[in-house]
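The values are calculated or read from the model by the stated rules, or taken from the named source; none is laboratory data. Here the structure is a predicted model, which is why all the values come from computation and not from measurement. Every residue, glycine as well, gets a Cβ built from its backbone with ideal geometry; the counts of neighbours run over all protein chains shown.
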Amino acid sequence: MSDFRTQVIQAKIVILAKDNVDHALADDGSGSMNTKDVRTGGRFLSGTTTRWAYTVGRSIELARQAERFDHDGIDFAIFNHGIRIYESQTSEAIAQTLHSNRPGGGTATHLAVEWGYQLYQRKVAAGGYNKKFRLTVVTDGETDLKALQATIVRIANEVGAQAGKQKNEDGYPFNITFLLVGDENEIPIDFFEQLDRGLSRLTDHDIVKVGRLENAEIKSA
């Protein structure tokens with residue numbers, strides 16, 4: 001098992017909801033999210049649910065936590081071969097959208113990353129914006145490696161050039177967390193390892209984290 005695979009499987013990703021952090025969430029709504037391989041329950045009462053059903057529950061949990069601090073609404077998107085955008089939403093509205101969605105189609109992850117960055121740029125351009133921006137992308141599948149890598153490299157270099165003194169112990173003002181959902185033997189860790197290697201070679205600015213949705217912990221400051 002590679003070091004990267006071990007790190008992704010074991011990493012505890014903390015998604016922190018607090019005053020100075022803006023959260024945007026993009027959920028993979030492709031057809032493979034119908035796969036039923038996410039373990040649920042405890043030691044004596046366990047079962048499996050679909051990747052989509054599990055994603056819905058965790059996404060609503062994140063939205064409710066973030067809503068306590070993000071009073072202008074939560075920015076949210078569902079992507080497959082295209083992207084549907086729902087900005088400035090309440091957690092209740094996000095829940096309704098998620099419950100009414102039926103997964104299908106492909107996985108154009110770069111569209112979700114581009115949406116999140118353009119949203120961040122609009123907030124900065126409006127003036128007086130001094131929050132950290134955290135884009136969380138929940139996904140279960142491989143995508144176009146070249147498209148995703150090129151998108152992230154461009155964004156990372158722009159963020160790195162613009163950050164200046166904003167980069168501190170909390171990291172860059174714009175960051176991306178990919179949360180992989182599904183059985184650990186089925187999630188595309190090898191794909192994201194290729195992505196990680198490419199990013200390390202092409203940019204000095206590390207704005208990406210990768211972990212499992214099952215290991216993500218949502219905390220309020």
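A few comments on the model shown:
- Residue within segment 98-120 that is among the charged types (D, E, K, R) and under 30 Å from residue 197 (Cβ atoms) present: yes
- Residues that are among the hydrophobic types (A, V, I, L, M, F, W, C) and exposed (fewer than 14 other Cβ atoms within 10 Å of the Cβ) were ranked within segment 100-131; the one that is farthest from residue 145 (Cα to Cα) is 126.
- Looking only at segment 190-211, and only at residues there that are out of contact with any Asp or Glu (no Cβ under 8 Å at 6 or more places or on another chain) and in a strand (DSSP E or B), the one that is nearest to residue 148 (Cα to Cα): 209
- Filter result (modelled with pLDDT under 95 and either under 14 Å from the mean Cα position of the chain (by Cα) or small (Gly, Ala, Ser) (or both)) within segment 63-85: 63, 66, 73, 74
- Here segment 117-154 is the region considered, the condition is being hydrophobic (A, V, I, L, M, F, W, C) and in contact (Cβ under 8 Å) with a residue 60 or more places away in the chain, and the residue that is farthest from residue 174 (Cα to Cα) is 138.
- Segment 1-38, residues that are part of a helix (DSSP H, G or I), surrounded by 20 or more Cβ atoms within 10 Å (Cβ to Cβ) and of a type in the set (A, V, I, L, M, F, W, C): 8, 33
- For first residues located in segment 100-116 and closer than 14 Å to residue 141 by Cα, partners that are in a helix (DSSP H, G or I) and not small (Gly, Ala, Ser) and lie 6+ apart or on another chain with Cβ distances below 6 Å form the pairs 103/33; 103/34; 103/52; 109/148; 110/148; 110/151.
- Residues satisfying the stated conditions in segment 68-90, i.e. touching a strand residue (DSSP E or B) at 6+ places or on another chain (Cβ under 6 Å) and more than 19 Å from residue 118 (Cβ to Cβ): 69
- When segment 185-214 is limited to residues that are surrounded by 17 or more Cβ atoms within 10 Å (Cβ to Cβ) and of a type in the set (Gly, Ala, Ser), the one that is nearest to residue 3 (Cα to Cα) turns out to be 211.
- Search result, residues across segment 156-179 that are assigned to a strand (DSSP E or B) and either modelled with pLDDT of 80 or more or of a type in the set (Lys, Arg) (or both): 174, 175, 176, 177, 178, 179
- Residue match in segment 44-53 (condition: in contact (Cβ under 8 Å) with a residue 40 or more places away in the chain, aliphatic (A, V, I, L, M) and surrounded by 14 or more Cβ atoms within 10 Å (Cβ to Cβ)): no
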